[in-house]
């Protein structure tokens, strides 16, 4: 079930979550056993660390840019309108290179 999103209304996804100085916020849209979709906003230099468990992780940056490292090795920069697919069973660290908003989809 999709939640936290207005039905029958066209809306830019990046406007669904706002942020301010020093804030890191998230909004969950879907959570099932095999699938989740969350949106995050991070202020510059804010960070998030997630263990992907047995789910693949798909990140789409809506605004700004993030630095993504996987298990302390690979490093990627994902900018607005870019996406990155990561394998499951990794530890993912996301740091805001600048104020940013991104959507994270996890699926088996």
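The values are calculated or read from the model by the stated rules, or taken from the named source; none is laboratory data. For clarity, every value in this text was computed on a predicted model and none was experimentally measured. Counting neighbours? That spans all protein chains shown, and the Cβs are built from the backbone with ideal geometry, glycine included.
Here are the numbers for this structure:
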{"read-out": "Failed criterion for residue 20 (all others in (1) at pLDDT below 90; (2) surrounded by 15 or more Cβ atoms within 10 Å (Cβ to Cβ) hold)", "value": "(2)"}
{"read-out": "Residue count, segment 23-40 (criterion: touching a residue at least 24 places away in the same chain (Cβ under 8 Å), surrounded by 12 or more Cβ atoms within 10 Å (Cβ to Cβ) and more than 19 Å from residue 6 (Cα to Cα))", "value": "2"}
{"read-out": "Residues of segment 41-66 satisfying the condition of being loosely packed, with under 15 Cβ neighbours inside 10 Å and modelled with pLDDT of 90 or more", "value": "44, 45, 47, 49"}
{"read-out": "Members of segment 58-108 found to be part of a loop (DSSP other than H, G, I, E, B), within 22 Å of residue 14 (Cβ to Cβ) and touching a residue at least 60 places away in the same chain (Cβ under 8 Å), listed by number", "value": "99"}
{"read-out": "Index of the failed condition, residue 99 passing every other in (1) closer than 20 Å to residue 41 by Cβ; (2) in contact with a strand residue (DSSP E or B) (Cβ under 7 Å, 6 or more places away or on another chain)", "value": "(2)"}
